[in-house]
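Written out below as C-alpha cells is the structure these notes cover.
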Amino acid sequence: TKVYVEGVGLAIALDTGGAIKGNKIDILVDGEQKAKTFGRKQLQVWVIPSATEADT
C-alpha cells in the first residue's frame, strides 16, 4: 500500500504485522541518531489508492 506521510513524503507500507495496533506506524530512517531526532509525533497519513481501486 502506498501512503503519503506528512513531513516524510511518499512511502510504501511494507510491514503490516500485528505488533502495530491502532493509529500508529513505524517509519524507517537511516541510523539510531536520526530515529532519536525524529522521535514520536502525530502526523497526517493519507492512503494512496491503487489504480485498480481508483477505477471502481
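Projecting the Cα atoms of TRP46, ASN23, ALA13 onto the charge dipole of the stretch 2-54 (Cβ charges, centred on the Cα centre) puts ASN23 farthest toward the positive pole.
Using only side-chain charges placed at the Cβ, +1 for Lys and Arg and -1 for Asp and Glu, the dipole size of the chain relative to its Cα centre rounds to 320 debye.
Pairs of alpha-carbon atoms within less than 8 angstrom and 6+ residues apart define the contacts here; what relative contact order does the chain have, in percent?
Numbers: 41 pairs, mean separation 28.6, N = 56.
Value for the chain: 51 percent.
Note on LEU10 and ILE48: the model spin-label points, each 7 Å out from Cα along the C-beta direction, lie 0.4 nm apart.
Each reported figure results from applying straightforward, stated rules to the coordinates on display, with no laboratory input. As the structure is a prediction and not an experimental result, all values here were calculated from the model. Neighbour counts run over all protein chains shown; Cβ positions are idealised from the backbone, glycine included.
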